[in-house]
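The values are calculated or read from the model by the stated rules, or taken from the named source; none is laboratory data. Fair warning: this is a prediction, and the values are worked out from it, not measured in the lab. Here the Cβ is made from the backbone with ideal geometry for all residues, glycine too, and neighbour counts use every protein chain on show.
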Amino acid sequence: MTETSTSTFVTNSLIEALAADDRYARLPAPSLITLVVAGTPRSLRPGEAILEEGQPSQSVFIVVRGRLKMTRALTNGRSALLALFSPGDPVGISVLGGRASEATVTALESSVCLDVPCRKLLAAMSADPQLLGDLLSVFTEQVAECRNCLVEGTFSRVEPRLAQLFLKLGDSVGQARGTGEFIPVPLSRLDLADMAGTTIETAIRIMSRWGKSGIVDTRRDGFLLEDRSALAAICHGRN
């Protein structure tokens, strides 16, 4: 396969991958092609960062395969896990305004992102106002819906915050499995504690109780939500 044919194959594969997502399927074909052609596929190893907190970035990213996490450093030396990104999610939109990244984004697993240089994206949108409208509709939808925010801080108690986390994960990446819903995101007890703003001991205690009660079963490669109604009840203080 020649270099040109390989490049064409990769471009077509990226277009097909994004077009499978409802957000990008709504875009006119020329807009989607322009977006893909402006970028370069970038493979990430688990733990590899594409954005560093406090550092400027020259690119925005779109997840093509795998999952990423967003974290922010805390004064106690730990980090807060703020968001997860799945295929189709744009990452680092704020850097288009020339600001430094407000958080660090790293790969949770082997992943592929479309790396779109800001200068190319801004030039393309400037040259084609229609493209600007098409892409902004995708990018701003995610921001407006807080699509990736895992725990919104509306609950004062830890257990409802964790319940909200698992319900959101189920809504975004859940897969039907038997009578339950599987979340293919392996998170440690420390990750869960950071998300909920609690201690690892409290996270361990809650997850242990949920496991024994048949609410959430921890698996090696993720979690099985066995009783969504129980999680919803916990969110509404009915546990």
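On the basis of being farther than 12 Å from PRO160 by Cα, outside the structural domain of LEU74 (by TED's automatic domain parsing), among the β-branched types (Val, Ile, Thr) and at pLDDT 85 or above, does ILE206 make the cut?
Working: farther than 12 Å from PRO160 by Cα: no; outside the structural domain of LEU74 (by TED's automatic domain parsing): yes; among the β-branched types (Val, Ile, Thr): yes; at pLDDT 85 or above: yes.
Against the criterion (farther than 12 Å from PRO160 by Cα, outside the structural domain of LEU74 (by TED's automatic domain parsing), among the β-branched types (Val, Ile, Thr) and at pLDDT 85 or above), ILE206 does not qualify.
Mind listing whichever residues of the range 68-89 are charged (D, E, K, R) and more than 23 Å from LEU121 (Cβ to Cβ)? Reasoning before the result, please.
So in the range 68-89, the residues charged (D, E, K, R) come out as 69, 72, 78, 89.
Scanning the range 68-89 gives LYS69, ARG72, ARG78.
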Would the range 68-75 turn up any residue that is β-branched (Val, Ile, Thr), surrounded by fewer than 21 Cβ atoms within 10 Å (Cβ to Cβ), out of contact with any Asp or Glu (no Cβ under 9 Å at 6 or more places or on another chain) and more than 18 Å from ALA49 (Cα to Cα)? yes
For the range 81-122, what are the residues that are of a type outside the set (Lys, Arg), touching a Pro at 6+ places or on another chain (Cβ under 9 Å) and modelled with pLDDT under 90? VAL95, GLY98, ALA100, SER101, LEU108, GLU109
Among ASP221, ASP191, the single one that is of a type in the set (D, E, K, R), under 14 Å from GLY174 (Cα atoms) and within 21 Å of the chain's Cα centre (by Cα) is ASP221
So, first residue closer than 13 Å to LEU68 by Cα in the range 107-131, second residue part of a loop (DSSP other than H, G, I, E, B) and among the hydrophobic types (A, V, I, L, M, F, W, C), Cβ within less than 8 Å, six or more apart or across chains; the pairs are LEU108/VAL185
